[in-house]
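Here is the structure we will look at.
The values are calculated or read from the model by the stated rules, or taken from the named source; none is laboratory data. Computed from a predicted structure; not experimentally measured. A quick note on method: Cβ atoms are made from the backbone with ideal geometry, for glycine too, and the neighbour counts reach across all protein chains shown.
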Amino acid sequence: MSVLVYAESSEGKFKKIAFEAVSYGKKVAELLGTNLSVLTINAENTSTLSDYGAEKIIKVNNEKLSNFNAKAYADVIKQGAEKENADIIIIDSSNDGIYLAPLLAVNLEAGYASNVVEAPSSVSPFTVKRKAFSNKAFDNTEIKTARKLIGLAKNSFGLVENKTSATEEDFTPALAEGDFNITSTSIDKAKGKVTIADADIVVSGGRGLKGPENWGMIEELADVLGAATACSKPVSDLGWRPHSEHVGQTGKPVAANLYIAIGISGAIQHLAGINSSKVKVVINTDPEAPFFKAADYGIVGDAFEVVPKLIEKLKEFKAQNA
Amino acid sequence: MKILVCISHVPDTTSKINFTDGDSKFDSNGVQFVINPYDEFVLTRAMWFKEKQGASVTVVSVGTSSTEPTLRKALAIGADEAIRINAEATDGYFVAKQLAEVAKNGNYDLILAGRESIDYNGGMVPGMLAAILDFNFVNACIGLEVEGDNATVIREIDGGKETLSTSLPLVIGGQKGVVEEKDLRIPNMRGIMMARKKPLNIVEPISFEATTESKSFEKPEAKGAVKLIDADNVGELVDLLHNEAKVI
């Protein structure tokens with residue numbers, strides 16, 4: 001028996017969520033008194049995985065897997081799990097992770113718990129805590145099958161350094177033609193911008209900003225913080241900002257360390273989508289805005305006055321702490 | 001083209017979430033149930049295929065008789081027939097198994113479902129269904145066109161979008177973008193009248209043991225009151241974020 005983590009990489013590089021999944025896998029392996037294997041696909045510099053507790057690194061390198069393909073990736077991870085005799089398989093919650101996980105669950109006939117936020121509270125029965133009801137509750141779920149698949153929620157368990165010496169091996173899984181019935185014809189990705197999925201800090205604007213022409217200060221604030229920009233639903237519906245920036249229940253989920261809401265009242269659908277963020281700041285002229293009930297820090301004031309001052313103060317702060 | 005749209009019957013977004021029986025069950029008392037918002041987007045897309053390409057649309061849900069008003073609403077929006085699989089939706093794998101059975105019996109070409117439901121947020125049914133049926137599958141779909149047996153699908157990726165080319169039979173896990181919010185339909189009186197006469201067939205579930213079980217629920221810890229900072233003293237916010245919250 002062992003624990004297997006799939007460490008996701010993009011263009012050969014691991015994202016923070018990959019290290020978080022490995023940190024989590026190490027914890028689960030410890031609870032079970034077993035070893036942690038980590039599977040990678042076309043990743044470079046795999047040695048960094050042992051900083052977080054990987055004991056065995058299984059490297060798959062295959063030209064055919066250079067583009068993400070959910071079915072093929074699920075097939076590869078399944079074969080890795082079988083080879084390692086893994087009973088627990090851990091996947092992150094990126095767009096690709098949540099795409100491939102249900103396929104993998106069926107391949108392995110594994111019970112699957114997604115959005116898991118903590119180490120198992122018990123390993124027998126195997127019970128994990130997961131987010132449910134759009135962040136309004138947690139569901140303590142028992143996984144009852146022999147093989148278990150865990151989807152780890154982003155920015156939940158955190159990074160835990162745990163230097164180990166890892167062995168590495170190459171693995172060549174068998175790929176079926178049927179794995180490639182879906183082909184990628186184009187990828188349209190903003191270059192050089194921090195994405196909402198990867199960002200530690202997200203700066204978000206609402207209708208209180210009055211128009212798309214006023215987004216310069218949002219972008220400047222995001223720039224100073226190294227943050228991603230986002231917006232509320234009305235703003236994307238009005239076409240002030242692209243849909244890809246819409247965060248909230250039917251938009252993108254945000255689980256950042258810091259979420260700054262500017263001119264956003266805090267409708268329940270919006271809060272449902274951003275509630276997993278650790279620290280929330282609201283800037284709004286209306287002291288009755290519901291967001292003040294959800295936030296950790298708040299400023300009642302006009303964004304057009306407060307935000308430029310905040311940018312200035314942050315620049316000073318950065319200069320001092322550089 | 002035969003389309004099957006999977007509908008989840010969920011508490012309305014604004015519902016208060018409470019639990020009963022020692023926090024082991026969701027308390028549906030006084031809760032208004034609706035079509036899962038993610039499913040509404042794909043249902044609307046199905047209507048488009050019906051009107052523009054002559055597709056037939058069946059809606060299906062796994063649930064007890066309490067889910068029937070939600071299925072009737074889908075019929076009122078324009079689906080041709082409804083199927084209710086008469087079982088408590090215990091876990092995602094169980095639901096996918098049940099839906100797969102209906103899908104096999106009905107020979108559907110295209111199966112549409114929301115990416116996730118807003119109650120349990122598992123995000124697993126569409127993918128599991130595709131894997132059980134060995135159909136092609138695209139998740140987080142924000143654009144879908146079908147020409148003959150070929151489909152062009154746009155999916156959301158971290159930081160952008162990807163266009164994919166595939167073929168039927170196909171399962172889609174959809175979200176906003178597959179149609180826009182403004183295109184969502186509200187049933188009109190004629191639709192509601194017609195829905196009463198449309199078939200709503202009840203089928204019994206196949207035997208399958210749920211793979212997971214919700215043992216207990218808990219709510220997030222009550223949050224402390226917001227710390228207000230004077231608008232003339234923005235520097236204090238920077239201090240707090242650095243020294244207290246330690247996020248910058």
Problem set entry | Lone unmet requirement of (1) touching a residue at least 40 places away in the same chain (Cβ under 8 Å); (2) facing chain B (nearest Cβ under 10 Å); (3) farther than 30 Å from A:Ile41 by Cβ for A:Ser204 | (2)
Problem set entry | Residue within region A:179-193 that is more than 7 Å from chain B (Cβ to nearest Cβ), in contact with a Leu (Cβ under 9 Å, 6 or more places away or on another chain) and not aliphatic (A, V, I, L, M) present | no
Seminar exercise, completed: Only one of A:Val22, A:Val38, A:Val76 is surrounded by 17 or more Cβ atoms within 10 Å (Cβ to Cβ), under 19 Å from the mean Cα position of the chain (by Cα), not basic (Lys, Arg) and not in a strand (DSSP E or B), namely A:Val22
Exercise. Facing chain B (nearest Cβ under 8 Å), buried (at least 17 other Cβ atoms within 10 Å of the Cβ) and part of a strand (DSSP E or B), is that true of A:Thr145?
Worked result: no
Problem set entry | B:Ala195 being touching a residue at least 60 places away in the same chain (Cβ under 8 Å), buried (at least 20 other Cβ atoms within 10 Å of the Cβ) and out of contact with any strand residue (DSSP E or B) (no Cβ under 7 Å at 6 or more places or on another chain) | yes
For this session: Test each condition in (1) assigned to a helix (DSSP H, G or I); (2) more than 7 Å from chain A (Cβ to nearest Cβ) for B:Ala131 and report the one that comes out false.
Result: (2)
Exercise. Which residues, taken from region A:19-63, are under 25 Å from A:Ser124 (Cβ atoms) and of a type in the set (Val, Ile, Thr)?
Worked result: A:Val22, A:Val28, A:Thr34, A:Val38
For this session: Please specify each residue of region A:106-132 satisfying the condition of being under 17 Å from the mean Cα position of the chain (by Cα), within 7 Å of chain B (Cβ to nearest Cβ), at negative phi and not basic (Lys, Arg).
Result: A:Ala113, A:Ser114, A:Ala132
For this session: Determine the pairs where a residue that is within 14 Å of another protein chain (Cβ to nearest Cβ), located within region A:46-75, has a partner that is in a strand (DSSP E or B) with Cβ atoms under 6 Å apart, the partner being 6 or more residues away or on another chain.
Result: A:Asn67/A:Ser184
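Please indicate, with yes or no, whether at least one residue in region A:80-94 is assigned to a helix (DSSP H, G or I) and within 14 Å of chain B (Cβ to nearest Cβ).
no
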For this session: For region A:97-105, indicate whether the set of residues that are hydrophobic (A, V, I, L, M, F, W, C) and either away from chain B (no Cβ under 12 Å) or outside any helix (DSSP H, G or I) (or both) is non-empty.
Result: no
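Could you go through region A:120-127 and let me know if any residue there is farther than 21 Å from A:Lys26 by Cα, in contact with a strand residue (DSSP E or B) (Cβ under 7 Å, 6 or more places away or on another chain) and in contact (Cβ under 8 Å) with a residue 24 or more places away in the chain.
No, because not a single residue in region A:120-127 is farther than 21 Å from A:Lys26 by Cα, in contact with a strand residue (DSSP E or B) (Cβ under 7 Å, 6 or more places away or on another chain) and in contact (Cβ under 8 Å) with a residue 24 or more places away in the chain.
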Exercise. Are any residues in region A:225-246 hydrophobic (A, V, I, L, M, F, W, C) and either out of contact with any Pro (no Cβ under 9 Å at 6 or more places or on another chain) or away from chain B (no Cβ under 12 Å) (or both), and if so, which ones?
Worked result: A:Leu225, A:Ala227, A:Ala228, A:Ala230, A:Cys231, A:Val235, A:Trp240
Exercise. Quick one: is B:Gly159 at the interface with chain A (Cβ under 7 Å from one of its Cβ atoms), of a type in the set (Gly, Ala, Ser) and over 17 Å from A:Asn69 (Cβ atoms)?
Worked result: yes
Exercise. Just for region A:300-319: of the residues that are part of a helix (DSSP H, G or I) and aliphatic (A, V, I, L, M), which one is farthest from the other protein chains (Cβ to nearest Cβ)?
Worked result: A:Ala319
Problem set entry | Test: residue in region A:99-121 that is surrounded by fewer than 22 Cβ atoms within 10 Å (Cβ to Cβ), under 30 Å from A:Ile268 (Cβ atoms) and not hydrophobic (A, V, I, L, M, F, W, C) | yes
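Across region A:1-11, which residue is farthest from A:Asn85 (Cα to Cα) among those that are outside any strand (DSSP E or B) and modelled with pLDDT of 95 or more?
Within region A:1-11, the match that is farthest from A:Asn85 (Cα to Cα) is A:Glu8.
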For this session: Assess whether A:Ser37 counts as being at negative phi and at pLDDT below 95.
Result: no
For this session: Could you check, for region A:192-202, whether at least one of its residues is more than 21 Å from the chain's Cα centre (by Cα) and at pLDDT 95 or above?
Result: no
Exercise. Out of the residues in region A:265-315 that are under 24 Å from the mean Cα position of the chain (by Cα) and basic (Lys, Arg), which is modelled with the lowest pLDDT?
Worked result: A:Lys278
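Each row is one residue, and each column tells you yes or no for (1) within 8 Å of chain A (Cβ to nearest Cβ); (2) more than 21 Å from A:Ile98 (Cα to Cα).
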position	(1), (2)
B:Glu88	no, yes
B:Val95	no, no
B:Glu101	no, yes
B:Ala113	no, no
B:Ile118	yes, no
B:Pro126	yes, no
For this session: List the number of the failed condition for B:Val102; all other conditions in (1) of a type in the set (A, V, I, L, M); (2) out of contact with any helix residue (DSSP H, G or I) (no Cβ under 6 Å at 6 or more places or on another chain); (3) closer than 21 Å to B:Lys25 by Cβ hold.
Result: (3)
Problem set entry | A:Leu31 vs. criteria crowded, with 24+ Cβ neighbours inside 10 Å, at pLDDT 95 or above and assigned to a helix (DSSP H, G or I) | no
Problem set entry | Answer residue from region B:203-248, given it is within 7 Å of chain A (Cβ to nearest Cβ) and among the hydroxyl-bearing types (Ser, Thr, Tyr) and is surrounded by the most Cβ atoms within 10 Å (Cβ to Cβ) among those | B:Thr212
Exercise. Out of all the residues in region A:248-267, is one or more assigned to a helix (DSSP H, G or I) and either within 11 Å of another protein chain (Cβ to nearest Cβ) or surrounded by fewer than 23 Cβ atoms within 10 Å (Cβ to Cβ) (or both)?
Worked result: no
